[in-house]
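The values are calculated or read from the model by the stated rules, or taken from the named source; none is laboratory data. All of these numbers come straight from a predicted model, not from anything done at the bench. So basically every Cβ, Gly included, is an ideal-geometry build from the backbone, and we count neighbours across all protein chains shown.
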Amino acid sequence: MVSQEIIYYCNPVFRPPSEGNSLLIQLTEGCTYRCDFCMSNLRKHFKIRSVDEVKRDLDIGARSKYNSSVRKLFFLDGNAMVTPVEKLLELTNYAIKSFPNLERVGVYAHAKDILKKSDDDLKALSDAGLKIAYVGFETGSDELLKIVHKNATKMDFINASKKLMKADITLSATFINGLGGANNESVSKTHALESADLVNKICPNDDRIWYIAFLSLMVPPGTVIYEKKMRNEFKEMNSYEILSELKLFVENINFTNKSANCIFRSNHASNYLPLRGVLERDKSKILSLIESGLKNKNSLRAEHYRAL
């Protein structure tokens, strides 16, 4: 009997929703950072796999009958951009050569991973085929970033975004509604206003496409924020508070570049109200939908349908 070749995965696998149809290749396991709200390090110890191990998995994918249908490839796991540039460049080139119709390679990236790489490094990665980086901003509030141990500042996100755009790597940034909890209304307000200010400041002057996505906070067992909840130190926001926070964010988007192509999404499984549009072109439409959700709770996704 001939043994079947199997691509290696370190479960559970973490990938962006938009990479659901991509070939997933395990480059790193876990994440080098430990944010209070995140599950990426639960049951995992961080490591960067060897070039030979990753190439073996790429070869298995290339030999499969689905070879020609692979158009997107995503290097797992939590922050694969931390991989030394020589190794990441070698594997990106190898992936592009292995799949005839591969259009792009994507990774998760922490702002510090991006800032540690030179402009020339990022441009070389972009030229090789690494065309999108998913960056967890979570919030533009320095106070809240410190509370949740994000190990980054608002200015880090601004500088990292500009470096990606300069290298022609598409930015896909995520924020988390409800991250500050319901314990302090001023934290929520600052979260929304500072996040809007962050997005306004990274808006490029051209019409390139970039992405902003909002998730709603989930509190899975094992996370630091879950332990805070159990000690009554953290109270989750309800749907009304979540949508009010999101409304304040959208209200304060004000791009000087009116032809900006910022694709806005709030349609993750964790969200109460699926939303999509282009900021700021669709600002009025998005606000109208949020208002409808605030007035009609029955139009929102039921609690038991929300999931990671």
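For the reader, a short list of remarks on this structure follows.
- Residue match in the stretch 233-251 (condition: out of contact with any helix residue (DSSP H, G or I) (no Cβ under 8 Å at 6 or more places or on another chain), within 15 Å of ARG301 (Cα to Cα), of a type outside the set (Gly, Ala, Ser) and crowded, with 16+ Cβ neighbours inside 10 Å): yes
- Some residue of the stretch 180-192 being more than 23 Å from ASP119 (Cα to Cα), aliphatic (A, V, I, L, M) and touching a residue at least 60 places away in the same chain (Cβ under 8 Å): yes
- ILE96 being of a type in the set (A, V, I, L, M, F, W, C) and touching a residue at least 40 places away in the same chain (Cβ under 8 Å): no
This table checks each residue for (1) more than 16 Å from the chain's Cα centre (by Cα); (2) surrounded by fewer than 21 Cβ atoms within 10 Å (Cβ to Cβ); (3) among the aromatic types (Phe, Trp, Tyr).
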| site | (1), (2), (3) |
| --- | --- |
| PHE157 | no, no, yes |
| LYS162 | yes, yes, no |
| THR170 | no, yes, no |
| THR174 | no, yes, no |
| LEU179 | no, no, no |
| LYS189 | yes, yes, no |
| SER195 | no, no, no |
| ASN200 | yes, yes, no |
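- Spans of strands (runs of 3 or more DSSP E) in the stretch 207-308 with at least 1 residues within 23 Å of ILE147 (Cβ to Cβ), of a type in the set (A, V, I, L, M) and modelled with pLDDT of 90 or more: 209-216
- Restricting attention to the stretch 113-172, the residues that are in a strand (DSSP E or B) and at negative phi total 11.
- Residues of the stretch 252-287 that are surrounded by fewer than 20 Cβ atoms within 10 Å (Cβ to Cβ), touching a strand residue (DSSP E or B) at 6+ places or on another chain (Cβ under 9 Å) and β-branched (Val, Ile, Thr): ILE263, VAL278.
- For the condition surrounded by fewer than 21 Cβ atoms within 10 Å (Cβ to Cβ), outside any helix (DSSP H, G or I) and in contact (Cβ under 8 Å) with a residue 12 or more places away in the chain, LEU89 does not qualify.
- Test: residue in the stretch 41-53 that is crowded, with 20+ Cβ neighbours inside 10 Å and either out of contact with any strand residue (DSSP E or B) (no Cβ under 9 Å at 6 or more places or on another chain) or touching a residue at least 60 places away in the same chain (Cβ under 8 Å) (or both): no
- Residues that are closer than 11 Å to ILE114 by Cα and of a type in the set (Phe, Trp, Tyr) within the stretch 146-179 comprise just one, PHE157.
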